[in-house]
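Input: a single structure, listed below in structure tokens.
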Amino acid sequence: QVQLVESGGGLVQAGGSLRLSCAASGMSFFSGATMAWYRQAPEKQREYVAVATSGGTISYADSVKGRFTVSRDNAKNSVFLQMNSLKPEDTAVYYCRALRDGSGYWGKGTLVTVSS
């Protein structure tokens, strides 16, 4: 059974930084999976933030480009999201997603709140 557990969220002032982690279990195929981060702000739809493919391709939503960095550690079945220069509009629940062979998995999310 695949489980994704996010951690590292919290309250931070605008301009600050946070590092989110997503630990995967039950995924013997982690190194071959595409790992992504999404977020959902209050009363808004869930949106894509960043992705790191198994082949090393990395991309970001325009809204976070230059401020956020996604990385993965296949040996630890983990993916990370370093968030710098945070803005109040980054406030959201951040979700980890794993994709492999047409199957997708979600974590339960971690809340990031950025105060102005």
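The values are calculated or read from the model by the stated rules, or taken from the named source; none is laboratory data. Note that this is a predicted model, so its numbers are computed, not measured. With ideal geometry, Cβ positions are generated from the backbone for all residues, glycine too; neighbour counts draw on all protein chains shown. SASA here: full protein model, heavy atoms, side chains in, ligands and nucleic acids out. Shrake-Rupley method; radii C 1.70, N 1.55, O 1.52, S 1.80 Å.
In the elastic network of the chain, a GNM with C-alpha springs shorter than 10 Å, the most mobile of Ser54, Ser63, Ser31 is Ser63. Estimated at 0.36 nm per residue, the fully extended path between Arg19 and Thr69 surpasses their Cα-Cα distance by 17.1 nm. Converting phi to 3J(HN,Hα) with the Karplus coefficients 6.51, -1.76 and 1.60 and the offset θ = phi - 60°, segment 98-109 yields 10, 10, 7, 6, x, 9, x, 9, 10, x, 8, x Hz in sequence order, with x at every glycine or proline. Dipole orientation for the chain: of the candidates Gly15, Thr57, Ser78, Ser78 has the Cα lying most toward the positive pole (charges on Cβ; Lys, Arg +1; Asp, Glu -1). Under the convention that each Lys and Arg Cβ holds +1 and each Asp and Glu Cβ holds -1, the size of the dipole of the chain around its Cα centre is about 100 debye. Rolling a 1.4 Å probe over the heavy atoms of the protein chains gives the chain an accessible area of 53 Å² per residue. Expressed as a whole percent, the accessible area of segment 21-108 that falls on carbon and sulfur atoms is 46 (1.4 Å probe). Whole-Hz Karplus values for segment 5-13 come out as 10, 8, 8, x, x, x, 9, 9, 7 Hz, taken residue by residue from phi with 6.51 cos²θ - 1.76 cosθ + 1.60 and θ = phi - 60°; glycine and proline positions read x. Sites counted here are trypsin sites (Lys or Arg not before Pro) in a DSSP loop (not H, G, I, E or B) having no more than 14 other Cβ atoms within 10 Å; the longest part of the chain that contains none of them is 1-43.
I want to check a number: in segment 30-115, how many lysine pairs have alpha carbons closer than 20 Å, given a sequence separation of 8 or more or different chains? Lysine pairs, 8 or more places apart or on different chains, close enough: 4. Here each label is just a point 7 Å from Cα along the line to Cβ, and for Val5 and Ser103 those points are 2.0 nm apart.
Using θ = phi - 60° in the Karplus curve 6.51 cos²θ - 1.76 cosθ + 1.60, the 3J(HN,Hα) couplings for segment 58-73 round to 10, 8, 9, 5, 4, 5, 10, 4, x, 10, 10, 9, 9, 8, 9, 10 Hz; x is entered for Gly and Pro.
Once backbone amide H atoms are built at 1.01 Å from N, Val112 has Gly10, Ala92, Val93, Tyr94 as its partners under 5 Å, excluding neighbours fewer than 5 places away on the same chain. Annotation: the antiparallel percentage among DSSP beta bridges lying fully within the chain is about 90. Ordered from largest to smallest accessible area (heavy atoms of protein chains, 1.4 Å probe), the residues Glu6, Glu89, Glu43 come out as Glu43, Glu89, Glu6.
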